[in-house]
Structures are given as structure tokens and as C-alpha cells.
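Participant: Please read through the structure below; I'll follow up with questions.
Please treat every number below as a calculation from the coordinates, not as lab data. Just so you know, these numbers come straight off a predicted model, no measurement behind them. Neighbour counts run over all protein chains shown; Cβ positions are idealised from the backbone, glycine included.
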Amino acid sequence: MIGIIDTHSHILPGLDDGASDMKESICLLRQARRQGIRSVIATPHYSGRFPNICPDRIRLLCREVQEQAQAELKAEIRIWPGQEIMYSEEAVSLLDKGDLLTIADTRYVLIEFLSAVPYSYIFRAVKELTLAGYRPILAHAERYEALREEGRLEELKKQGACVQLNFRPIGGKWYHETTRWCRKILRDGLADFLGTDMHNTGGRRPETEKAVKWMQKELGGRYREAVLRGNVQELLRGNEV
């Protein structure tokens with residue numbers, strides 16, 4: 001599967017717990033290209049640990065990494081700016097001021113939570129962001145125990161949320177609970193975006209092949225195309241997903 005758009009990655013050097021330097025950034029993109037990824041949304045953390053209120057620096061690093069990658073890999077690759085924002089009460093005001101980045105300067109915002117956060121907190125965050133004019137994307141939704149209860153993901157989507165899953169658990173072993181949940185979400189058509197969440201060339205490298213192989217076997221072609229690239233393409237054009 002060629003032309004995958006990775007909606008969640010930590011490839012920008014030196015900003016968070018992702019790529020440590022430009023060399024590792026290029027190595028990550030080389031690994032990603034081997035698995036069919038042709039465009040990447042860079043989403044460095046904003047959190048208490050990584051207070052990245054630096055939109056201009058993020059945009060500059062996206063351009064620098066893209067230029068370096070195209071020169072070294074001898075191939076076209078596009079890197080779009082964004083952030084993975086740990087939700088807090090200040091998130092909306094920081095977004096409104098332009099201190100934090102949406103995805104590629106659209107209304108879409110990649111939001112994360114602590115894994116044990118109560119459902120009421122996620123629901124309130126989605127409501128506050130949508131009322132402020134944003135479209136929240138729930139980052140690696142498979143991590144939140146509160147979303148495992150039947151009907152909750154559907155309720156959040158009705159409120160305007162989108163759902164992002166990581167590739168790795170989709171391609172996991174069938175007996176892993178998280179893998180089974182991710183596959184059910186995909187079979188039910190509830191996921192909107194997929195991401196590698198790649199951080200480094202070791203234990204958190206990009207892994208798409210097992211997930212894509214399962215998707216080619218189990219999902220319809222139109223929906224598979226949508227979650228691998230079509231939905232992101234619509235987002236980048238400024239259209240509704």
C-alpha cells in the first residue's frame with residue numbers, strides 16, 4: 001500500500017521524546033517510506049513535560065526536515081505541521097491565540113488525555129473544543145479505557161470528535177484485548193485517521209505493514225482508502241471529514 005498519510009508522528013528533532021536529532025528524523029522517514037508512507041503530519045507534544053509553545057519553530061523544523069529528507073532520500077515527501085496537545089482548561093485559549101498548532105492550520109486538533117481519564121472529562125473536552133469552532137481528533141483512542149464502553153465512541157463522534165488509532169495495535173495478536181478493540185472499531189467504521197506515533201528508530205519506530213495486511217483482508221476498499229489517506233486529504237483541503 002503506497003501513499004499512506006501518517007497523521008501522528010514525533011519526527012521533529014529535539015522537541016519532545018521523539019527524534020533526538022536530524023539524523024534520527026531522516027532515519028525515521030526512511031523507515032516510513034519503506035512501508036508506503038509518503039506524507040507525514042508532525043505532531044510534537046504539548047504537555048507539562050513538553051511545554052512546546054513554539055509554532056514558528058515547529059513550522060521551520062517541518063520545512064528543514066522535509067528539505068533534508070528529500071535531499072537524502074532522493075524522493076518527494078511532504079511534512080505538515082501540527083501538535084499533539086495534552087488537553088487542559090487552557091487549551092482553547094492557547095489555540096485561539098495561535099500559541100498551539102492545529103493540524104496543518106485547519107480546524108482539526110489532535111488531542112490526548114491520560115489513559116485513565118474519566119469519560120466525563122473527554123466528553124467535556126470535546127464539547128468545549130467544538131463550541132470554540134475546532135474539530136478534536138482523539139489521539140491513539142485505543143489507550144483510553146473510558147472509551148471501551150459500548151456507545152461512548154459513537155456519542156463523541158456525534159458531538160463532533162474524530163478518532164485516530166495507532167497502526168501497531170491494529171496489527172497485533174488477535175488475543176490482545178486492545179488489538180481486538182481496534183479491529184472492531186475499524187469494522188464498525190468508527191475510526192477516521194491512522195498514525196504510526198513514531199518516536200525513534202528502536203522500540204517506537206513506524207510499523208504499518210501488519211495492520212495494512214489485516215485491513216486489506218478484512219475491510220472494504222473504500223473505507224480502507226479513507227482511513228489510510230482519503231480522510232486526511234480532505235482535511236488538508238479544508239473539507240469536512
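Participant: Hey, got a sec? Which trypsin sites (Lys or Arg not before Pro) in segment 137-188 land in a DSSP loop and have at most 16 other Cβ atoms within 10 Å? Could the numbers behind the result be given before it?
Facilitator: On the way: sites: ARG143, ARG148, ARG152, LYS157, LYS158, LYS173, ARG180, ARG183, LYS184, ARG187; in loops: ARG148, LYS173.
Here the trypsin sites (Lys or Arg not before Pro) that fit, given the DSSP loop and packing criteria, are ARG148, LYS173.
Participant: OK, next. How big is segment 95-219 by the Kirkwood estimate over distinct Cα pairs, in Å?
Facilitator: With all distinct Cα pairs of segment 95-219 included, I get 15.3 Å.
Participant: Here's a follow-up. Full-extension gain between LYS213 and GLU145, please, as 0.36 nm times their residue separation minus the C-alpha to C-alpha distance.
Facilitator: On the way: separation 68, 0.36 × 68 = 24.48 nm, distance 2.63 nm.
Extra length available between LYS213 and GLU145 comes to 21.9 nm.
Participant: Give me the extension gain from ASN200 to VAL241: residue separation times 0.36 nm, minus the current Cα-Cα distance, reported in nm with one decimal.
Facilitator: Working: separation 41, 0.36 × 41 = 14.76 nm, distance 2.97 nm.
11.8 nm is the gain from fully extending ASN200 to VAL241.
Participant: Shifting gears a bit: Can you pick out the pairs among LYS23/LYS210; LYS74/LYS210; LYS127/LYS173; LYS157/LYS217; LYS127/LYS210 whose Cα atoms lie more than 28 Å from each other? Walk me through the numbers on the way to the answer.
Facilitator: Working: LYS23/LYS210 26 Å; LYS74/LYS210 26 Å; LYS127/LYS173 35 Å; LYS157/LYS217 26 Å; LYS127/LYS210 35 Å.
Among LYS23/LYS210; LYS74/LYS210; LYS127/LYS173; LYS157/LYS217; LYS127/LYS210, the Cα-Cα distance tops 28 Å for LYS127/LYS173; LYS127/LYS210.
Participant: Moving to a separate point now. Mind putting a number on the dipole of the chain about its Cα centre? Charges go on the C-beta only, +1 for Lys and Arg and -1 for Asp and Glu, and I need it in Debye to the nearest 20. Please report the intermediate quantities before stating the final value.
Facilitator: Values: 36 positive and 34 negative charges, 187 e Å.
Computed about the Cα centre, the dipole is about 900 debye.
Participant: Follow-up question, since we're still on this one. Hey, could you grab the Kirkwood Rh for the chain? Inverse mean 1/r over distinct alpha carbon pairs, Å, one decimal.
Facilitator: Numbers: mean 1/r = 0.0562 Å⁻¹.
For the chain, the Kirkwood estimate is 17.8 Å.
Participant: Measuring from the lowest to the highest alpha carbon on each principal axis, how far does segment 152-191 reach, largest first, in angstroms?
Facilitator: Principal extents (largest minus smallest coordinate, Cα): 32, 14, 13 Å.
Participant: Now for a separate question. Report the full-extension gain for the segment PHE50 to GLU177: residue separation times 0.36 nm, less the Cα-Cα distance, to one decimal in nm.
Facilitator: Details: separation 127, 0.36 × 127 = 45.72 nm, distance 3.03 nm.
So the chain would gain 42.7 nm between PHE50 and GLU177.
Participant: Rounded to the nearest whole Å³, what is the per residue volume of the convex hull around the Cα atoms of segment 190-241? Intermediate values should be presented prior to the final figure.
Facilitator: On the way: hull volume 4.7 nm³, N = 52.
Output value, Cα hull per residue: 91 Å³.
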